[in-house]
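S.K.: I'd like to ask you about the structure that follows.
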Amino acid sequence: MKIINNVDDFKSLKSIDLEDIKTTKINDLKRKDEAKTRIMKYITYKKRTEQEVRKKFKNEIDEQLLDEIIEYLKEANYLD
């Protein structure tokens, strides 16, 4: 843990934290986009069921992210 001795230390710490947050958010969005793209390619090649999608990607994509993508695909009428 870094000790803050003056305003410059605080500004430096604040800047680093914001950059870490931005990087994390960008990486999360990138991971989500890549997963969604892979699933879209899979279901556009041949019509698939939700169970087929879950089975195919259960070990490759985090379950929470997979649930989120499947919900999106249902809302967009790509999956029934």
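The values are calculated or read from the model by the stated rules, or taken from the named source; none is laboratory data. All values reported here derive from a predicted model rather than from experimental measurement. Here the Cβ is made from the backbone with ideal geometry for all residues, glycine too, and neighbour counts use every protein chain on show. Side chains are part of the model used for accessible areas, which takes the heavy atoms of the whole protein and leaves out ligands, DNA and RNA. Shrake-Rupley method; radii C 1.70, N 1.55, O 1.52, S 1.80 Å.
S.K.: Of all residues in segment 55-65, count the ones that are farther than 17 Å from Thr44 by Cα and open to solvent by less than 90 Å² (accessible area, probe 1.4 Å).
M.R.: Here the count works out to 3.
S.K.: Looking at segment 20-33, can you tell me whether even one residue there is touching a Phe, Trp or Tyr at 6+ places or on another chain (Cβ under 8 Å), open to solvent by less than 70 Å² (accessible area, probe 1.4 Å) and modelled with pLDDT of 90 or more? Walk me through how you get there before you give the answer.
M.R.: First, pick out the residues of segment 20-33 that are touching a Phe, Trp or Tyr at 6+ places or on another chain (Cβ under 8 Å): none.
No; the residues of segment 20-33 include none that is touching a Phe, Trp or Tyr at 6+ places or on another chain (Cβ under 8 Å), open to solvent by less than 70 Å² (accessible area, probe 1.4 Å) and modelled with pLDDT of 90 or more.
S.K.: In segment 45-54, how many are surrounded by 10 or more Cβ atoms within 10 Å (Cβ to Cβ), hydroxyl-bearing (Ser, Thr, Tyr) and either in a helix (DSSP H, G or I) or under 18 Å from the mean Cα position of the chain (by Cα) (or both)?
M.R.: Of the residues in that region, 0 qualify.
S.K.: Of these, Tyr78, Tyr42, Tyr72, which one is open to solvent by 50 Å² or more (accessible area, probe 1.4 Å), free of Cβ contacts under 8 Å to residues at least 60 places away in the same chain and either closer than 22 Å to Asn27 by Cβ or part of a helix (DSSP H, G or I) (or both)?
M.R.: Tyr72
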